[in-house]
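Notes follow once the structure below has been shown.
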Amino acid sequence: MTLSLDHIRLTHPHLYQAFSLLPDCELHLHRIGELDQYWERLKQPLRQVIMPGDTLPKDIVISGEYDLIYAGGTLSLLHAAVMAGKYGRKVMIFDRQTPAKSTRDWNISRNELLNLADIGLFTEREIDAVIVRRYKTGWVEFYKPDGSQKRLSMENVLDCAVDADMLLGLAKEKVVAASGSTLLAGTSFTKCYQFDDHIVVQVADCKGQPFWYKAKVLVDVMGILSPIAMQLNEGLPQTHVCPTVGTIASGFENIDFDTGEILVSTGPADTSAGKGRQLIWEGFPAKEKQYITYLFFYDEADSPNDKSLLSLFETYFRTLPEYKKPGTDFVIHRPVYGIIPAYCHDGFNRTREIADDHIILFGDAASLGSPLTFCGFGSMVRNLHHLTADLDRALSENNLSKRHLEKINAYEPNVASMANLMKYMCFNAATDEPNFVNDLMNEVMIVLDDLPPHYRQAMFRDEMKIEELAMVMLRLAWRYPNVLTVTWDKLGVQGSLGFFKNIVGWAFSSVR
Ligand SMILES: Cc1cc2nc3c(=O)[nH]c(=O)nc-3n(C[C@H](O)[C@H](O)[C@H](O)COP(=O)(O)OP(=O)(O)OC[C@H]3O[C@@H](n4cnc5c(N)ncnc54)[C@H](O)[C@@H]3O)c2cc1C
């Protein structure tokens, strides 16, 4: 069912009121509805989209032939621009919406962004042009009813606001400039057919008309909705999720445009329904007088909570004034939203399936980033160099089987271990006091505040070393011995063992 304003008028009055002022609200409602299908898909029988080659209908016509076909047009642009521009590969990118247009904006530090210059994708000048605002500092703070919360300040963390569409637009120009490469809008992935030496990808245009294209490798970058990830991971593509909604707006009262509010909670957990949820805000200055606010919570993918973006948007608009007060000239420029994926690996190394013969998954479809600090874009930026160079080598050597392709991934043992910490932030009304997540996180902030600034920067930039995490955890256990019981409640036997295996894997990996 396509969502319209009329559908939400009575059920979601705050969202209705805010969205009715947006010129393209129906488009956003459609995309929100599309993302919210994720929750139903988790319950439905598995759809087979990776098919054996001999089931490809005999009478089809191949409309084009490429080295790489990218299904999904967001982070794919960065990868494809390198493959086409630097390695001369013939690429095709298709998206069921418009390639290079995102439903979110990104924060990152400038140093991290400079990776894109190091690999020759952008010049430093181009990078600086897409940074629409830099902040002097940022902070993290968790609610305490008596006002005793620790505000943890940090520098050089998520302190650049990037215009995502501008960045993707630059990458798109580089793809289009490469001879033989193509971008298709309004084109949906339907199925793919695996052969020994290639893959055929079946897509449908806006009218449902099927087309077939041939490639050496299909790169699945369809994000959290990827049906390929769903099939390869037997219907459980994520263990945890972080539903996130927000706006880019202007006209709030008392905004500090030099400071990013990286994580902020303003109250105890919301226990009104399901298992309960600890809502967290973020606030980032953007270009000119614009300001981005996000509301999100961490949860298990299969929890009984209502995790729909639609209802989170209703909560966002209802409670926004408790976080930032809209002034008389308040205007929403654009909503931002998505479901941030997370996967806890039950093993010493990566356990999630991220490849098959002639198929490779990147970005949120691969779900190897950490949701702790929103860093799916950051993960791609950090790993782009080897994700492109290794795939080019695999193409040259014709090593395109699952066994070879699955080695090309953004798995980072430190990120995998840190992802376990997200479980402590998933509120559970059955075991937790309403202010549990805030109390625990407040202790973590006090521990980090006592350590040199490098610790907090490493934690919030996914760069933590094993000895640094050990130091933080030991100090936390000393200050807050309750964390040991909590670990048992939150992680259980299997989760605690999984965390332990991740740490052992990290200890023995080259990334320490
Ligand atoms: C609100 C929000 C804020 C964020 N902020 C940050 C941040 O500050 N820093 C950071 O590092 N990360 C951030 N992230 C995470 C980051 O945005 C994601 O990791 C990143 O967008 C993932 O890109 P992707 O290309 O893998 O997937 P997506 O961005 O989800 O793109 C997938 C694309 O595939 C298309 N698609 C889906 N299904 C099909 C199909 N069947 N056929 C064809 N096309 C299809 C979709 O239309 C979409 O364009 C944020 C996420 C959200 C939700």
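Just so it is clear, none of the values below were taken in a lab; they were calculated from the coordinates. Here the structure is a predicted model, which is why all the values come from computation and not from measurement. Quick reminder, even Gly has a Cβ in these numbers, built from the backbone with ideal geometry, and neighbours come from all protein chains shown.
Please sort 317-330, 216-229 by packing, taking for each peptide the average over its residues of neighbouring beta carbons within 10 angstrom, highest first.
216-229, 317-330
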Spin-label pair LEU114/SER63, simplified geometry with 7 Å Cα→Cβ offset, distance in nm: 4.4
Which ³J(HN,Hα) values in Hz, rounded to whole numbers, follow from the phi angles of region 503-508 under the Karplus curve 6.51 cos²θ - 1.76 cosθ + 1.60, where θ = phi - 60° and Gly and Pro get x? 5, 5, x, 5, 4, 9
Taking just the alpha-carbon atoms of the chain, what radius of gyration and Dmax come out, in angstrom? 22.4, 72
From zero up to wherever the largest Cα-Cα distance of region 157-213 sits, split into 10 Å bins and tell me the percent of pairs in each. 18, 29, 35, 14, 5
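In which sequence would ILE354, ILE108 go, from the one with the fewest C-beta neighbours within 10 Å to the one with the most?
Sorted ascending by nearby Cβ count, the order is ILE108, ILE354.
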Here P(r) for region 155-261, Cα-Cα distances in 5 Å bins, as whole percents, is 2, 7, 11, 14, 16, 15, 12, 9, 6, 4, 2, 0, 0
Any trypsin sites (Lys or Arg not before Pro) in region 1-81 that lie in a DSSP loop and have at most 13 other Cβ atoms within 10 Å would be ARG9, LYS43, ARG47, LYS58
Among DSSP bridges having both ends in the chain, what percentage is antiparallel? Round to the nearest 5. 70
Taking every Cα atom in region 368-448, find the radius of gyration and the maximum pairwise distance Dmax, and write them in Å. 18.5, 57
Identify the trypsin sites (Lys or Arg not before Pro) of region 74-167 meeting these criteria: DSSP loop state and at most 13 other C-beta atoms within 10 Å of the C-beta. LYS136, ARG151
Amide H of ILE408 versus every other amide H placed in the peptide plane: which residues, excluding those fewer than 5 positions away on the same chain, fall under 5 Å? none
Give me the three principal axis extents of region 414-507 from the C-alpha atoms, as integers in angstrom, largest value leading. 36, 28, 22
Rounding to the nearest 10 and keeping the result within 0 to 90°, find how far the Cα-based axis of helix 25-41 lies from the longest principal axis of the chain. 90
With angles folded into 0 to 90 degrees, how steeply does helix 466-479 sit against the dominant principal axis of the chain? Use alpha carbons for both and round to 10. 30
Taking only the Cα atoms of region 21-172, how large is their convex hull per residue, in Å³? 224
Counting other Cβ atoms within 10 Å of each Cβ, which GluC sites (Glu not before Pro) in region 203-272 have at most 15 and sit in a DSSP loop? GLU234, GLU253
Highest mean first, how do 420-429, 386-395 rank when packing is the count of other Cβ atoms within 10 Å averaged over residues? 420-429, 386-395
